[in-house]
Structures are given as structure tokens and as C-alpha cells.
1. So, Leu23, is that one closer than 20 Å to Gln93 by Cα and assigned to a strand (DSSP E or B) or not?
2. Can you tell me which residue in segment 1-36 is modelled with the lowest pLDDT, limited to those that are touching a strand residue (DSSP E or B) at 6+ places or on another chain (Cβ under 8 Å) and of a type in the set (A, V, I, L, M, F, W, C)?
3. Between residues in segment 77-106 that are farther than 12 Å from Glu9 by Cα and residues that are among the small types (Gly, Ala, Ser) and in a helix (DSSP H, G or I), which pairs lie under 6 Å by C-beta distance while being six or more apart or on different chains?
Amino acid sequence: MIPKHVTEEWLAGFFDGEGCIGLQRQGIYGYYARLQLVQKDREILENIQAVFGGHLHHCAGPKTKYKTWRLAWHGKDAVQLAARLLPYSRCKQDQFTTFLEGVQYPPKERATFDQRLREQKREVKAA
């Protein structure tokens, strides 16, 4: 049974505190989009997955201190989820906006976008 509290508003708040927004270069033509949540509590991620989809994986490895789980959205799924969460996000609204702009930048304008990303990273570090 899916908890009724797992809404876009709730997930935006949860994501503000626990989520990771990734925009990675992919070749010379674009960016690879990824959103993810990592938790020790598998059940909460399963509840989120039941409503919003995504891929749930066990995080294992020699450097993993705790048994953790990762729920991730990639490509178009990540872009669609980011667009749904943007209006409700408080802490990561700028990051969601940059993320959504970045996946649409044409290759000829990538240098301009890369500069904006660098400036935004400096602002975050300074805060």
C-alpha cells in the first residue's frame, strides 16, 4: 500500500534535504541527466518508487560503511521528475532550474552554460 503522504510537495521537501541533482557531460553533444536519493531505509525509497518510478539499487562496496539503497532517475525520467518537483522545491530550486536548462542547451552554446555552472558552484561554496 502506498502512503498518502508521498506527493510531489512531500518529495520536493525530502529531495531538498536528501537528494542529488547530476548533470554530467556526455560526449560533445549534450549532458547526461540524473537525480538520486540514497538512504539506509529501503522502505521509504520503495514508497517513493511506487509513486514516481525510478530504479532502486543496493549500494555495496568496500567503502560503504552502512547498507544503503539508491533510488535514481536517468535521462528523460530525471528531466520529467525535476520539472514536477521544481515548483515545490525551496532549497534546490536554483539547481533544478539550472538542471532543466542544461539538458536543453545546444552544443554551440555549451561554453556559456559551462561558465554559468562554474559561477553557480562558486556561489554555493561561498554560502
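The values are calculated or read from the model by the stated rules, or taken from the named source; none is laboratory data. Quantities reported herein were computed from a predicted structural model and do not represent experimental measurements. With ideal geometry, Cβ positions are generated from the backbone for all residues, glycine too; neighbour counts draw on all protein chains shown.
1. Working: closer than 20 Å to Gln93 by Cα: yes; assigned to a strand (DSSP E or B): yes.
Answer is yes for this residue.
2. Leu23
3. Pairs that qualify, where the first residue is farther than 12 Å from Glu9 by Cα and the partner is among the small types (Gly, Ala, Ser) and in a helix (DSSP H, G or I), are Phe96/Ala82; Phe99/Ala82; Leu100/Ala82.
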